[in-house]
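Any read-out appearing in this document is the output of simple, stated calculations on the displayed coordinates, not a laboratory observation. Just so it is clear, the model here is predicted, and its values are computed rather than measured. Here the Cβ is made from the backbone with ideal geometry for all residues, glycine too, and neighbour counts use every protein chain on show.
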Amino acid sequence: MSHLFEHNGANGKGYSQPDPIFPTDNLQIPSTLVRDELPKWPRLSEPEMVRHYTWLSNRNFGIDTGFYPLGSCTMKHNPRVNEVIAQLPGIADLHPLQPEHQIQGTLAIFHEMQEMLGICAGMDDVTLQPVAGAQGEFTAIRCFQEYFRSRGETNRTKVIVPDSAHGTNPASASMAGFEIIEIPSQENGRLDLDALRAVVGDDTAAMMITNPSTLGVFEPEIAEAAEIVHAAGGQMYYDGANFNAILGRTSPGIMGFDAVHYNLHKTFSQPHGGGGPGSGPIGVKAHLAEYLPGPIVKRRPILSGDRLTSVNQEWWYHWQEPEKSIGKVQQWHGNSGAVIRSWAFYRRYGKDLKTMSEHAVLNANYLRHRILKEAEEKGVSHLFCDGAPVDVVKHEFTLSLAPMKEQLGVSAMDVAKGLLDKGYMSPTVYFPLIVPECMMVEPTETESKEVLDEFATNFVEVLQEDAEVLHAAPITTDVRRVDEVYAARNLVLSYPFDEDNS
Amino acid sequence: MVDQLPNLGRESEMLAAMGFSSMDDLFADIPEAVRMNGELPLRGPQSEEEIIADARHILGANVALGDRVSFLGAGLNRNYIPASVFQLITRGEFLTSYTPYQPEVSQGMLQAMWEFQTLISELVGLEVANLSVYDGSTSAAEAITCAVRVHNRKATQKDTVYISELIPPARVSVIQNYTQGGGITIKTLRHNSDGTLNLESLSEASGSCGIYVEQPNPLGILDGGLTRVKEIIGEQTAFIVGVAPVSLGLVEAPGNYGADIVVGEGQALGSPITYGGPLYGIFACTKAYLRQMPGRIVGRSIDVDGKEAFCLTLSTREQHIRRHRATSNICTNETLIALMGAMHMALLGPEGLAKLSRRNMAACQLAKQKLSEITTISLPHAMNCHYNEFVIELPGSAADCIEYLDTQGLIGGYDLSNWYNQRTNWLLVSFSDQTQAAEIELLTAHLAVWSTNMIQGVNA
């Protein structure tokens, strides 16, 4: 165990800086504001710093390390060409308040992304401003809210979410001031239209739903659901977390949705970075376009007098503020670094994004099939069941380990830890909440058949392990099972300098 | 291109194993009425080298700050990130991981974020910090809703928070979007003509849930009066301060003059400006606000062998557990950028921070001295101490002046009429550790010419 704060070398300058360009003996800082005591930061030389973070990186599992079947998170490979492009001059060293004639390149890429995202989702207008999926949800719900306010429909105070929804859906709607109505799913995990009919009314603002659902199952009655909500005067919101399943095969627009968010860090390979940054643009149908956070990139043919910086420029790109914009959800223009990387990913596939989605679905179905078959052959299929009994899934599938818990006292978490010992990242566990002892598996188009075959074999081997072995797992990792209750009861949220001194 | 898909050409084999005959079988569950048929109406795929060539061509139309002499800041200032930060951040174990739901294989990022929390906590002088929110504007907004959750019960001005009248409109807009749903009323605190906070106006905020001010303020002023704020507003009103983090190498940590919550744009530590995103928002507070904080927090724990280990903690505040009663909807945050911040802080060390802070102040002071020598312009807040930026009052419109400077190859600053309607003659100029003395000379010379011409033109 190495601690950053144990480095305190006397000569520990990590890098040397030039001297100030003006004498600083009289800076005229108000006396009450002079800092007497510097922060207790460590003192590291550059090699010490490099080793510390290299050591930490060795204790972290990424997609680059191995298979990362974390359901609902779409952990696909992050092509390195995207990183190379993001480091080009004219990306990192750009200020969001520079005038239009200095940022035509960025605006051109933004425009291309707006268009592409609109086409893929069947939406009329797109803003790239939201910086994460949850912020995209919040932004769209705010657009709905202002749309209703402008129509005098202030009675619409309720947002409907199925009980299988991502937690961000109710959290985002609640932040915007809506009351949440959660509707139960059917026994088979599907949307219950009767339950929906029972709650819609003139107080309905919107329904938020992801399709395919968090069970990885396409909701066949989605168009009917949209009709029910629209008939009641509400809006339909598409949570794009599972968008990787359907590109080119269907779209939220066709299904009847009014707004959608995209997770560029899921579908379009912006690296997840240990928790972020992401990017969560939203697309909307025309009736909501004037409420989008602004400004949005538009283009027009070149006119004489335009200050072109590029010789072959065909269009003049410019900002436009939507007329009744809800304003800003991030101070600038969103996570443009993520947009540029995702642009590179889009260019890699173009119209073949459809093939990409097909392969994501192929891999999910194949892995599901292989696990079921392998379990049957090894005589352990009684230990789990399908989260949703369907012929085909989309980009992910769920398994319930409730039978195993009941028969052997082994939980989904135990199995997850057993998988860590096999060298895998665990699938998502205990989500969606409606499947007991749930494991949610999403392989993405990244993985080869061999990886999937091997995972199926290893998964079943874990199921065959003795209960005691799984209770004790993992044993091969940097630390063994971490006591999360201890962490919450004995809060140590920063380095305890005092403890160290004693 | 699709030939990079590992299972291309093996579809039939995999489908056959499942008893299917075509890819369409896998999509048979999508009802006919909602199917998209045919190809996506998009361009064709490209190879890696074609993508790079296009990117170079398209992005070649951008003018980078480094291509010009720039004085544009307005909260995001030019900075230098040490080379090792960029090198280390590309390590795939960091770059391609996600939220550490399985702590046993995520100790690296968990420890790095726990260390980040410590670095921020030490920097701002408060006990607790989270591992980042989106940016400076959303951290301010989240701080305001947090303050209301903590103080509303005892507040005499219920659901009310006061913010400085100088806060730029885009930041105010974010704050309004985040707070309107909770029925929170945002009122403003006045400033004096010298740019400092009007402490009499502050007394109106007593009994409200919180006040939000910035240090330095949006005009670049370091306001000594802020050290008296907490005694004026009292214990039951949250004192929220937005900071420029590098300034804290010289300027007192707000936690040491009574701040309850400190927020800010982290960019100057570890992140390029990147056209305004991704950046990272700092969020730190006293223990009293801990259970109402937004975002993820790492705690130290032990594993079953009693060995030190780290994990996410206090998750019951968060959306994946608490759903619509969560303290915030934030899930994906800015971890990787915060990690860059941690690396930069680790390299700087305390003395390195103080030096970086001095370099920023020195550039600002030299500019103030040089520009105050031009008789045809004035510095309305010159009597104050500034960090990174200050206002120049021009004899003509700031928009025209920026136009002129642009033709001379300078990005001249920011036209403050975009923030404050009536201030058409106010130019906000920014100076940082990257500003060279010769650049200040250049700006001084051009401003002298332009302002003299303006006055002569007006008089003629």
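What the table below lists for this structure:
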quantity	calculated
Table column - 3J(HN,Hα) (Hz), the range A:265-281, Karplus curve with 6.51, -1.76, 1.60, x for Gly and Pro	7, 9, 5, 10, 6, 4, x, 6, x, x, x, x, x, x, 7, x, x
Cα point-scatterer Debye curve for the protein assembly as shown, base-10 log of I(q)/I(0) at q = 0.04, 0.07, 0.08, 0.11 Å⁻¹	-0.18, -0.56, -0.74, -1.43
Volume in Å³ per residue [convex hull over Cα atoms, computed for the range B:83-344]	132
Per-residue HN-Hα couplings for the range A:18-31 [Karplus 6.51, -1.76, 1.60; θ = phi - 60°; Hz; x = Gly/Pro]	x, 6, x, 7, 8, x, 10, 6, 9, 8, 6, 5, x, 4
Overall Cα dimensions of chain B, principal axis frame, Å, largest first	87, 57, 49
Nearest 10 degrees, 0 to 90: helix B:48-59 Cα axis against chain B principal axis	20
DSSP bridge pairs, the range B:83-344: antiparallel proportion in percent, nearest 5	45
Point-to-point label distance, B:THR407-B:SER372, nm (Cα→Cβ direction, 7 Å offset)	3.2
Scaled radius of gyration (Cα, divided by 2.2 N^0.38 Å) that the range B:257-393 gives	1.45
DSSP bridge pairs, the protein assembly as shown: antiparallel proportion in percent, nearest 5	60
Antiparallel %, DSSP beta bridges [both residues in chain A], to 5	60
Sequence-distant lysines (8 or more away, or on other chains) whose Cα lies within less than 20 Å of A:LYS285	A:LYS298, A:LYS324, A:LYS328
Placed amide H near A:ILE103: partners under 5 Å, 5+ positions off or other chain	B:VAL63
Label point distance in nm, A:HIS3-A:GLU46, each placed 7 Å from Cα along Cα→Cβ	2.8
Debye, to nearest 20: dipole size of chain A, +1 on Lys, Arg Cβ, -1 on Asp, Glu Cβ	1220
Sum of side-chain charges, A:GLU83 neighbourhood, beta-carbon under 14 Å (Lys, Arg +1; Asp, Glu -1)	+2
Average partner coverage of B:171-179, which counts Cβ from other chains inside 10 Å	5
Cβ-based charge dipole, the protein assembly as shown, positive-most Cα from B:ILE411, B:ILE297, B:SER22	B:ILE411
Relative compactness, the range A:330-470, computed as alpha-carbon Rg over 2.2 N^0.38 Å	1.22
Relative packing of peptides B:89-102, B:40-53, B:112-125 - highest average C-beta neighbours within 10 Å first	B:112-125, B:89-102, B:40-53
Crossing angle, helix B:107-124 versus chain B [Cα axis fit, 0-90 degrees, rounded to tens]	10
Estimated dipole of the protein assembly as shown in Debye, rounded to 20 [Cβ of Lys and Arg +1, of Asp and Glu -1, Cα centre]	1720
Dipole axis of chain A (+1 Lys, Arg; -1 Asp, Glu on Cβ), positive-most option in A:GLY240, A:TYR317, A:SER72	A:TYR317
Karplus 3J(HN,Hα) series, Hz, for the range A:211-218 with 6.51 cos²θ - 1.76 cosθ + 1.60 (x for Gly, Pro)	9, x, 5, 5, 7, x, 10, 6
Projected label distance in nm at A:GLN464 and A:GLU179, using a 7 Å step from Cα toward the beta-carbon	5.5
Given charges at beta-carbon only (K, R positive; D, E negative), |dipole| of the range A:354-486 in Debye	220
Ranked B:LEU356, B:LEU366, criterion: other C-beta atoms within 10 Å, fewest first	B:LEU366, B:LEU356
Calculated log₁₀ intensity ratio I(q)/I(0) where the Debye formula runs over C-alpha points of chain A, q = 0.06, 0.12 Å⁻¹	-0.35, -1.20
Calculated log₁₀ intensity ratio I(q)/I(0) where the Debye formula runs over C-alpha points of the range B:39-98, q = 0.21 Å⁻¹	-1.05
Gap separating the Cα centres of the range A:287-302 and the range B:359-395, nearest whole Å	38
Stokes-Einstein translational diffusion, the range A:113-226 - Kirkwood Rh over all Cα pairs, 0.692 mPa s, 37 °C, in µm²/s	218
Dipole-positive endmost among A:TYR495, A:THR157, A:ILE119 within chain A (Cβ charges, Cα centre)	A:ILE119
Long-range Cα-Cα pairs in the range B:137-184 (distance over 12 Å), rounded percent	60
Unsatisfied cross-links (Cα-Cα over 31 Å) in the set B:LYS287/B:LYS307; A:LYS40/B:LYS187; A:LYS351/A:LYS417; A:LYS158/A:LYS266	A:LYS40/B:LYS187; A:LYS351/A:LYS417
